[in-house]
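Before any comments, here is the structure.
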Amino acid sequence: MNESVITVQGWLGSDVTLRRAGDVPVASFRLACTPRRFNRRTENWSDGETQWFTVNVWRQLAENCAASLRRGDPVVVQGRLDLRAWVNSDNVEVTGFEIDATHLGHDLARGTSHFTRTPKREPTVETGVQAGAPTGPEAPGEEVAA
């Protein structure tokens, strides 16, 4: 499969919005990335044009983003890059870049963060087995009779 994978460092330009697509949580936010270049001739730094991305995050990562990220936070995002086209409210076709994030976190070059592990899911009532936990002879601590 040929997909464009991108890693981008930027700042949250909006708060994270969390919604559901069926039973799956989806988080979205805007990401601003402003390249900064050093001009050797003038010996000055200058900012380039800000690039804006819509970032979409799915499942547990979406819930973690909604709980952890706020507008203005510096982040590093890795995911699949897509070019989307749509017609806006003025009936003009516009295009924009979207990133379906697979990895995301605070940019620790810009500050500190405190990590908290996501708690394990509770056992289901019907089976008493934790969702996603191995069952059968391969489960840890169980022995297989020969």
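Which residue out of 92, 26 is out of contact with any Leu (no Cβ under 6 Å at 6 or more places or on another chain), more than 25 Å from residue 109 (Cα to Cα), among the aliphatic types (A, V, I, L, M) and modelled with pLDDT of 95 or more?
26
Tally time: how many residues in segment 73-94 are part of a strand (DSSP E or B) and loosely packed, with under 10 Cβ neighbours inside 10 Å?
Going residue by residue through segment 73-94, those that are part of a strand (DSSP E or B) are 74-87, 93-94.
Still in the running and loosely packed, with under 10 Cβ neighbours inside 10 Å: 83, 85-87, 93.
Total meeting the criteria: 5.
Can you tell me which residue is nearest to residue 74 (Cα to Cα) among those in segment 95-112 that are hydroxyl-bearing (Ser, Thr, Tyr) and either exposed (fewer than 13 other Cβ atoms within 10 Å of the Cβ) or touching a helix residue (DSSP H, G or I) at 6+ places or on another chain (Cβ under 7 Å) (or both)?
Per the stated criteria, the residue is 112.
The values are calculated or read from the model by the stated rules, or taken from the named source; none is laboratory data. Computed from a predicted model, the values in this text were never measured in an experiment. Note that each Cβ is placed from the backbone with ideal geometry, even for glycine, and that neighbours are counted across all protein chains shown.
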